[in-house]
Amino acid sequence: MGHLLFEPFADNEFLRQSFYAGVLVALICAVAGTFVVLRGLAFAGDALAHGVVPGVAAALLFGFSGVLGAAIGAGVMMSGVSVVTRRYRLSGDTAIGLLFVGMLALGVIIQSRSSSFAGDLTNILFGEVLGVSNSDLVWQFIALVAVCVVAWLCRRPFLLLSVDDGLAETSGFSVKKYHNIMLAMVALTVVASFQTVGTLLVLGLLIAPSATGALFARRIGIMMAVAAVVGIFSTYVGLLVSYHANVAAGASIVFC
C-alpha cells in the first residue's frame, strides 16, 4: 500500500513540486473562500476567475508575465462591475453576468490569434499543476501571506458584512470600501491559483473546502482550518489519482 500512496511523491520531483503548489493554493483558497461562502460571493468569484482570461491570453500572445496579465484582467473585471452597477442601475448579478461572458469571449478571441491556440487555452482554463516552478511557489507564498494579512486586519468588517450590510454600516465600517477589499482579496487568490488549477477550476477550491468547513464549524478560524485540511487532502488524493490513472491533475484535485 505504501508504494501506491507515498512512493510517487518520493520518486517524482515534479509531483512533489505540484503538491507544494497545491498546498499553498489550498491555504490561500481556505482563507479567501471562507468569506466568499459567508458573504455569498460565489458568482462574483466565478466571474473574477473568468475575467482574468483575456489578460492571461494577451500576456501569452505578447510575451509578458501571465501573472501580470491575470492581475490586469481581474482589475478590469472588478472596475467594470462597479461602473456598470453604478452608472446603469443594473443589479450586481446582471452586471457580473454580462462582464463574465464578455471577458471570457474576449479571452478566447485574443487567444485564437496564437499559433498554439488550443494548447494555450487549455493551460489557461485548466492550469499546469505538473509544471510548477520554484518561482511560482515563491509567488504563491507571497500571495498567501498577503491574503492572510488582509483577512486578519479586516476580520471584523468582513464578518459583519457576511452577516448584514446594515450591521457593518452602523458599526462604522464602509460597506463599499470593505466589499471592494474583499473582492480584491478574492482576485489575488484567483491570480495566485490559476497557474496551478486553471481559471475554470479555481472556483472549486475557493468554494468546496470552505463550504465543507461551514457544515462543521461555527467559528471563522475553525471553518478556515477545516477548509485548509480538506483542500490539502484533496490535493494529495487528486495528484495520486492523476498519477496512477493518467488523468488531468488539476481536475482530479478539484473533483476530490
Search the range 191-208 for residues that are under 11 Å from Leu48 (Cα atoms) and touching a residue at least 24 places away in the same chain (Cβ under 8 Å) and pair each with any residue that is open to solvent by less than 20 Å² (accessible area, probe 1.4 Å) and among the polar types (S, T, N, Q) when their beta-carbon atoms are under 8 Å apart and the residues are at least 6 apart or on different chains. Val202/Thr189; Val202/Ser193
When you go through (1) at pLDDT 90 or above; (2) open to solvent by 50 Å² or more (accessible area, probe 1.4 Å); (3) of a type in the set (S, T, N, Q) one by one for Ser210, which number turns out not to apply? (2)
So Arg87, is it out of contact with any Lys or Arg (no Cβ under 7 Å at 6 or more places or on another chain), among the charged types (D, E, K, R), more than 22 Å from Asp165 (Cα to Cα) and at pLDDT below 85: no
Only residues in the range 214-234 that are open to solvent by 40 Å² or more (accessible area, probe 1.4 Å) count as the first member; pair them with residues that are of a type in the set (Lys, Arg), Cβ under 9 angstrom, at least 6 apart or cross-chain, and list the lot. Ile220/Arg155
Ala184 fails exactly one of (1) over 22 Å from Ala49 (Cβ atoms); (2) touching a residue at least 12 places away in the same chain (Cβ under 8 Å), namely (1)
Restrict the check to the range 29-51 and report whether at least one residue is farther than 30 Å from Tyr178 by Cβ and not charged (D, E, K, R). no
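The values are calculated or read from the model by the stated rules, or taken from the named source; none is laboratory data. Keep in mind it's a predicted model, so treat the numbers as computed, not measured. Don't worry about glycine lacking a Cβ; one is built from the backbone with ideal geometry, like all the others, and counts go over all protein chains shown. These accessible areas exclude ligands, DNA and RNA; they are computed on the full protein's heavy atoms, side chains included. Shrake-Rupley method; radii C 1.70, N 1.55, O 1.52, S 1.80 Å.
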